[in-house]
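Notes for the one structure printed next.
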Amino acid sequence: MPLWYGGDHNPEQWPEEVWAEDVALMRRAGVNLVTVGVFSWSRLEPSEGRYTFGWLDRVLDLLADGGIRVDLAVPTASPPPWFSLAHPDALTVTRDGVRLTHGSRDTYCVSAPAYREASLRVTRALGERYRDHPALAMWHVHNEYGTPCHCDQAGAAFRTWLRERHGGLDALNDAWTTAFWGQHYSDWAQITPPRATQYLPNPAQALDFRRFVSEEMLAHFREQRDLLRELTPEVPVTTNYVLAGWASIDHWKWSREVDLVAVDHYPSGQGMAAAEQTAFAADLVRSWAGGRPWLLMEQATGYVLGPRMSPKEPGEIARHSLQHVARGSKGVMFFQWRASRGGAEQWHPGMLPHTGPDSRVFREVCDLGEALERIPTPPDEPVVEAEVAILWDEEAWWAVQGPGLPSAEIDYLAAAEQAHRVLWRQGVAACFAHPSHDLSAYRAVLVPSLYLISDEAARGLRAYVEGGGTLVVSFFSGIADEHTRIRLGGYPGALRETLGIRVEEFHPLAETVELPEYGRATVWSEIVHLDGAEAIARYPGGGPAVTRHRLGGGTAWYVSTRLDDRGYARVLAHAGLAGGGVPGVEVVRQRDRVFALNHTGDEQHVPVHGTDLITGKPVGGRLDPGGYVVVPV
Ligand code: GLA
């Protein structure tokens, strides 16, 4: 079976004459899957309960005739204007208490009964209409779940969720430390979502609300999924996560509920930074998928984040795509097929740009389609072996985004990205694991600033080291319990014994400090006392900055500051994690094939020999500047 190739197809934005041309050009590009209808609720149901499926029937028939399969979307991310006018109480309320108006997208409250009802109604209508359509390949529920609402209906649902989580009010008061600032709740009805308030809000309340939002949206997804499964038990149901500078949902939990893990990825960096972020994202998503194949549901043919949109350089579209495929994506999908001429994202690049098919981008899109046809889809089993795991936990990330922390510069994502980037440059294959996972199979586990950790996970990390593992923990890890309460007696409370240290004070840095041999330290420093560990690097004042503790059969390293990439790489090298790779040259091994990509502008040597599946040419251990090959092994 070939890899999936295509993108979001929004024919409702175009006159019908364009649709046939779309199919012809898709065929030219090798497109075999398109996502249809993501934002078409108002076109499908122009007034309550009245459906106009005719246009979608014609679109799907045209695609089916062209041999193109459909990832059919349930359009619930963008309720029609008639819906929000009829149900103003189903519109999003921000934490400042502002009720938003329709006019963009994602403006709904997932806890509003009217929204849930309308959403299931349109899901059922679509499911019943298209259950037997030959083009239907998968269901795409909603789009990038992630809109929190702070209205009273969300408040009621939040309280129900809190009762289940905490049991009684006493337990909640204790978990939230409401004794501080006299926030003690004597009745459930007093509890609201975290809304605009006079000064710092309660961090435990803020964190519980984020957990609730993820679960509330998951409940909505499940309802839609179950309905679709009932109608079409054979058709996989997915939803597209968004992977960028934020995470609104707990992806580990969600990934247990979808039939196919799918993600949208838009790097914020360009050039080499984009290649690094792409590798990071794809390794992370594969990990959410339990190591099995997943799907890149959206990316762009250009750079869309940041202050300027710019095209990707020649070759980058293919290289980014193959980075995903190398790490287990079952295909390459874009937002969107045809660049829009109007509307909010009229400047967003497409596979078919405003210029039309006579364009560099479309030629690269066609070449990529041809290349992908030659690469078989990986079987449904773990795709890539990684010896090193990086701990990833969205709850811990949310907690460091909370209020009142000792430094506003602690950045969990940046710490996780650095850990991955440094390994990537060394050519060390990495994956991600939740702190509660069984880690015993990994040679090393890296722990980026994991502020919050449960007792159970902390015990797991200790057992991992005692069992012979190498643990590298970065500053501000293991500080708080799952209710954001500080673990006492010296930081980092949960990991003190494992690391063989005791931290007495934190000293966030306003300026850069040079560490002999370990480069520049920024953001953070600590007064570290050795309690079994030895100092490997010291601050200019003499205090330990990097420590090593031998425990049982393993070793636990601690990095008490934010090192630059060079310094962090040195720690990893000391810990036995130097891979000897060339920065910018990646070699990813799947069971029966190896992908080699050269993100640099120079010719490079790679340990790969054989015949390239894409070109059919021999590969003799070298790659052209910007080149890539896929070689069976
Ligand atoms: C997301 C959405 C798309 C589109 C792109 C733009 O991924 O799912 O609808 O808005 O972003 O980059």
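Among the residues of the range 505-518, write down those that are loosely packed, with under 11 Cβ neighbours inside 10 Å and under 17 Å from I486 (Cα atoms).
E505
If I ask for residues that are over 26 Å from the mean Cα position of the chain (by Cα) and among the aliphatic types (A, V, I, L, M), which ones from the range 558-572 would you list?
Within the range 558-572, just V571 meets the criteria.
For the range 2-18, enumerate the residues that are open to solvent by 10 Å² or more (accessible area, probe 1.4 Å) and assigned to a helix (DSSP H, G or I).
E12, Q13, E17, V18
Residues checked against (1) within 23 Å of F39 (Cα to Cα); (2) charged (D, E, K, R):
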| residue | (1), (2) |
| --- | --- |
| Q299 | yes, no |
| G306 | no, no |
| I317 | no, no |
| L322 | no, no |
| V325 | no, no |
| M333 | yes, no |
| R338 | yes, yes |
| R341 | yes, yes |
| H354 | yes, no |
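Of everything in the range 171-205, what is touching a Ser or Thr at 6+ places or on another chain (Cβ under 8 Å) and assigned to a loop (DSSP other than H, G, I, E, B)? Give them in sequence order.
Once the filter is applied, which keeps residues that are touching a Ser or Thr at 6+ places or on another chain (Cβ under 8 Å) and assigned to a loop (DSSP other than H, G, I, E, B), the range 171-205 yields H184, Y185, N202.
Could you go through the range 276-296 and let me know if any residue there is under 21 Å from A396 (Cβ atoms), more than 15 Å from the ligand (Cβ to nearest atom), over 10 Å from the mean Cα position of the chain (by Cα) and not in a helix (DSSP H, G or I).
Checked the range 276-296: at least one residue is under 21 Å from A396 (Cβ atoms), more than 15 Å from the ligand (Cβ to nearest atom), over 10 Å from the mean Cα position of the chain (by Cα) and not in a helix (DSSP H, G or I).
Restricting the search to the range 26-62, which residues are touching a Gly at 6+ places or on another chain (Cβ under 9 Å) and assigned to a helix (DSSP H, G or I)?
Those that are touching a Gly at 6+ places or on another chain (Cβ under 9 Å) and assigned to a helix (DSSP H, G or I): M26, R27, R28, A29, R43, L44, L56, V59.
Considering only residues of the range 232-267 that are in contact (Cβ under 8 Å) with a residue 40 or more places away in the chain and of a type in the set (S, T, Y), which is farthest from the ligand (Cβ to nearest atom)?
If we take residues in the range 232-267 being in contact (Cβ under 8 Å) with a residue 40 or more places away in the chain and of a type in the set (S, T, Y), then T232 is farthest from the ligand (Cβ to nearest atom).
Yes/no matrix, rows are residues, columns are (1) at pLDDT 95 or above; (2) surrounded by fewer than 19 Cβ atoms within 10 Å (Cβ to Cβ):
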site	(1), (2)
L372	yes, no
P378	no, no
V384	no, no
A399	yes, no
P403	no, yes
Y412	yes, no
A416	yes, no
R425	yes, no
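Of the numbered conditions (1) under 31 Å from the mean Cα position of the chain (by Cα); (2) on the phi < 0 side of the Ramachandran plot; (3) open to solvent by 20 Å² or more (accessible area, probe 1.4 Å), H529 fails exactly one; give the number of that condition.
In the conditions (1) under 31 Å from the mean Cα position of the chain (by Cα); (2) on the phi < 0 side of the Ramachandran plot; (3) open to solvent by 20 Å² or more (accessible area, probe 1.4 Å), H529 misses (1) alone.
Looking at A480, A494, A430, A457, which is the one that is crowded, with 21+ Cβ neighbours inside 10 Å, aliphatic (A, V, I, L, M) and touching a Gly at 6+ places or on another chain (Cβ under 7 Å)?
Sole residue among the options that is crowded, with 21+ Cβ neighbours inside 10 Å, aliphatic (A, V, I, L, M) and touching a Gly at 6+ places or on another chain (Cβ under 7 Å): A494.
Would you mind telling me which numbered condition in (1) closer than 21 Å to C109 by Cα; (2) outside any helix (DSSP H, G or I); (3) open to solvent by 70 Å² or more (accessible area, probe 1.4 Å); (4) of a type in the set (S, T, Y) T160 fails?
Result: T160 fails condition (2) only.
Tell me which residues, restricted to the range 103-130, are in a helix (DSSP H, G or I), touching a Leu at 6+ places or on another chain (Cβ under 9 Å) and open to solvent by 10 Å² or more (accessible area, probe 1.4 Å).
Residues satisfying the conditions are L120, R124, A125, E128, R129.
When residues of the range 614-625 are filtered for being surrounded by fewer than 18 Cβ atoms within 10 Å (Cβ to Cβ) and either within 26 Å of the chain's Cα centre (by Cα) or not in a loop (DSSP other than H, G, I, E, B) (or both), how many remain?
Residues flagged as surrounded by fewer than 18 Cβ atoms within 10 Å (Cβ to Cβ) and either within 26 Å of the chain's Cα centre (by Cα) or not in a loop (DSSP other than H, G, I, E, B) (or both) within the range 614-625 amount to 4.
Identify the residue in the range 19-43 that is among the aromatic types (F, W, Y) and within 16 Å of the ligand (Cβ to nearest atom) and, among all such residues, is most open to solvent (accessible area, probe 1.4 Å).
Filtering the range 19-43 down to residues among the aromatic types (F, W, Y) leaves 19, 39, 41.
Subsequent filtering for residues that are within 16 Å of the ligand (Cβ to nearest atom) retains 39, 41.
Numbers: F39: 60, W41: 0 Å².
Only one residue tops the list, namely F39.
Going by the structure shown, is D71 among the acidic types (D, E), more than 20 Å from P193 (Cα to Cα) and within 16 Å of the ligand (Cβ to nearest atom)?
Criteria met by D71.
Can you give me the number of residues within the range 131-151 that are open to solvent by 20 Å² or more (accessible area, probe 1.4 Å) and out of contact with any Pro (no Cβ under 9 Å at 6 or more places or on another chain)?
Residues flagged as open to solvent by 20 Å² or more (accessible area, probe 1.4 Å) and out of contact with any Pro (no Cβ under 9 Å at 6 or more places or on another chain) within the range 131-151 amount to 7.
Just to be sure I understand, how many residues within the range 61-81 are surrounded by fewer than 16 Cβ atoms within 10 Å (Cβ to Cβ) and in contact with a helix residue (DSSP H, G or I) (Cβ under 8 Å, 6 or more places away or on another chain)?
Qualifying residue count, the range 61-81: 3.
Can you report the number of residues in the range 193-214 which are surrounded by fewer than 17 Cβ atoms within 10 Å (Cβ to Cβ) and not aliphatic (A, V, I, L, M)?
Within the range 193-214, the subset surrounded by fewer than 17 Cβ atoms within 10 Å (Cβ to Cβ) is 195-200.
Within this subset, residues satisfying the condition of being not aliphatic (A, V, I, L, M) are 195, 197-199.
Adding up the residues that qualify gives 4.
Go through the range 303-316 and count every residue that is in contact with a His (Cβ under 8 Å, 6 or more places away or on another chain) and crowded, with 16+ Cβ neighbours inside 10 Å.
Summing the residues that are in contact with a His (Cβ under 8 Å, 6 or more places away or on another chain) and crowded, with 16+ Cβ neighbours inside 10 Å in the range 303-316 gives 2.
Within the range 1-18, track down each residue that is within 16 Å of the ligand (Cβ to nearest atom) and in contact (Cβ under 8 Å) with a residue 60 or more places away in the chain.
G6, G7, D8, H9, N10, Q13
Can you give me the ranges of the strands (runs of 3 or more DSSP E) entirely in the range 560-613 with at least 3 residues that are surrounded by 17 or more Cβ atoms within 10 Å (Cβ to Cβ) and free of Cβ contacts under 8 Å to residues at least 24 places away in the same chain?
Passing ranges, in order: 604-611.
Here is a list of conditions, (1) within 16 Å of the ligand (Cβ to nearest atom); (2) surrounded by fewer than 22 Cβ atoms within 10 Å (Cβ to Cβ), and M333 meets all of them except one; can you say which number that is?
(2)
If you scan the range 220-247, which residues turn out to be over 30 Å from A300 (Cα atoms) and either open to solvent by less than 50 Å² (accessible area, probe 1.4 Å) or assigned to a helix (DSSP H, G or I) (or both)?
Passing the criteria: E223, D226, L227, R229, E230, L231, T232.
So if I check each of S477, S440, S454, which one is in contact with an Asp or Glu (Cβ under 6 Å, 6 or more places away or on another chain), of a type in the set (G, A, S), modelled with pLDDT of 95 or more and more than 25 Å from P583 (Cβ to Cβ)?
The conditions single out S454.
R319 passes all but one of (1) of a type in the set (K, R); (2) crowded, with 16+ Cβ neighbours inside 10 Å; (3) not in a helix (DSSP H, G or I); which number fails?
(3)
Scan the range 160-182 residue by residue and report those that are basic (K, R) and under 28 Å from the mean Cα position of the chain (by Cα).
From the range 160-182, those basic (K, R) are 163, 165; that's our starting set.
Residue satisfying the conditions is R165 alone.
Between R548, R502, which is at pLDDT 95 or above, open to solvent by less than 60 Å² (accessible area, probe 1.4 Å) and not in a loop (DSSP other than H, G, I, E, B)?
R548
The values are calculated or read from the model by the stated rules, or taken from the named source; none is laboratory data. From a predicted model like this one, the values you see are computed outputs, not experimental measurements. Cβ: placed from backbone, ideal geometry, glycine included. Neighbour counts: every protein chain shown. Protein only, heavy atoms only, side chains kept; ligands, DNA and RNA dropped before computing areas. Shrake-Rupley method; radii C 1.70, N 1.55, O 1.52, S 1.80 Å.
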